[in-house]
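Beneath this line is the structure, given in structure tokens, with notes to follow.
The values are calculated or read from the model by the stated rules, or taken from the named source; none is laboratory data. Source: prediction; values computed, not measured. No Cβ is skipped: glycine too gets one built from the backbone with ideal geometry, and neighbour counts run over all protein chains shown. The accessibility values were calculated without ligands, DNA or RNA, using every heavy atom of the protein model including side chains. Shrake-Rupley method; radii C 1.70, N 1.55, O 1.52, S 1.80 Å.
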Amino acid sequence: MRQLTDLDALLEAWARWCVTGLGGFGGGSVLARMIDFKGNEALMYGAGGCKAPVDELEGQVEAAVMNLAASDPKAAEVIRAEFGVGWFEDGRRMETARKGQVEKAHRLAISVRTYQRKLKKAKKHVMESLTGADHG
């Protein structure tokens, strides 16, 4: 298993993993597919399931972001927007890689300050999830 050294580099790898479908979810994250299929697991997963190894860091990042979405959905949306992963509420793909934080915040209907605060919270949550730290 790879070592966790640079969180931003890991988040970039996670974004590529989600977008290219290497996680076995057909080109999107689990959360994005849940939204697409309105939580219908039979449609969402199909027969193949996830093909990624369980200990793969990108999969662990995805799990951490999904966990965060349960307690702070906006923070999960922000980290997904920052790294271009997922879909907006109107069903359009988050093609945000070339947009700045001002445009991303506007698209998510939050202030830039809130965007930056939520991004910091999301990154902290992911790091603590991966290192096993308590983020009580």
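For region 106-126, give me each residue that is in a helix (DSSP H, G or I) and modelled with pLDDT under 95.
Within region 106-126, the first condition is being in a helix (DSSP H, G or I), and the residues that meet it are 106-107, 112-126.
Within region 106-126, 106, 107 qualify.
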Worksheet item: Going by the conditions given, is residue 102 modelled with pLDDT of 85 or more and within 19 Å of residue 20 (Cβ to Cβ)?
Response: no
Worksheet item: Pairs, please: C-beta under 8 Å, at least 6 apart or cross-chain, first residue over 16 Å from residue 65 (Cβ atoms) and open to solvent by 30 Å² or more (accessible area, probe 1.4 Å) and in region 1-27, second modelled with pLDDT under 60 and among the basic types (Lys, Arg)?
Response: 26/33
Discussion item. Any residue that is of a type in the set (Val, Ile, Thr) and at pLDDT below 90 - is there at least one of those in region 52-60?
Written reply: yes
